[in-house]
1. How would segment 1-132 be classified by its alpha-carbon gyration tensor: rounded, prolate or oblate, with rounded meaning a/c under 1.5 and the a/b versus b/c comparison settling the rest?
2. Could you compute the net charge surrounding R113? Neighbours are other residues with a C-beta less than 15 Å from the C-beta of R113; K and R count +1, D and E count -1.
3. Given H placed on each backbone N at 1.01 Å, which residues far from T76 in sequence or on other chains put an amide H within less than 5 Å of it?
4. Just add up the charged neighbours of D81: K/R +1, D/E -1, any other residue whose Cβ is under 12 Å from the Cβ of D81.
5. Once you have the Cα-Cα distance between D140 and T76, take 0.36 nm times their residue separation minus that, and quote the gain in nm to one decimal.
6. Which FRET efficiency value, to the nearest 0.05, is calculated for A32 and R60 with the Förster distance at 22 angstrom and r the Cβ-Cβ distance?
Amino acid sequence: MIRSPFLVDVSDLLGRDVPARPVVIDVVVDWALEMSKILADPPLVADLSFSPLPGGILVRGEVCYAVEHTCRRCLTDFIDDGCSPIAGLFEVDPGEAAYPIEGTTIDLEPFLRDETLLGLPLLPVCEESCEGVVTTTGIDLNTDPPGDSDATGSPFAVLRDLLPPED
Ligand SMILES: [Zn+2]
């Protein structure tokens, strides 16, 4: 039987007055939004702490992953990575803000997916100064700034040609 890497048994914690237990999972995911995709390599790592609470478990820690975004301005793909803090409540009898505990097992997948995807920018931009692409001509304003590419049209262009080359 293949056991999901997201399933964690919490029978040692549930309803007990015991210290928090660290849980680290390292897993390949294929989660994506329209402009962003979590990369399979390196795998996503969640470094968590499970603390028993009355009726449930508090899970907190951080999730680290690499993500490929498509810049919404210039449509260039770029990769970003890092870690973000996460926290979630798991309950045997879950209220609206909690995830369920099935028997003595927590399924981390919905929690990690929600937290990871919510942490992504809805409209990723490769850098704040990205000027984007003029779609009608395909000119990339980052590499072809208008009116500044050469001295073409400048009266000094002729003079420049007459100067001896520098060595
Ligand atoms: Zn861009």
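Where a number appears in this text, it was derived from the coordinates with a stated rule and is not lab data. The model shown is predicted, which means the values in this text are computed figures rather than measured ones. Cβ sites come from the backbone with ideal geometry, for glycine too, and all protein chains shown count toward neighbours.
1. Verdict is prolate for segment 1-132.
2. -4
3. Amide H to amide H, under 5 Å and 5 or more residues apart or across chains, T76 pairs with C71.
4. -3
5. Result for the pair: 22.0 nm of gain on full extension.
6. 0.30
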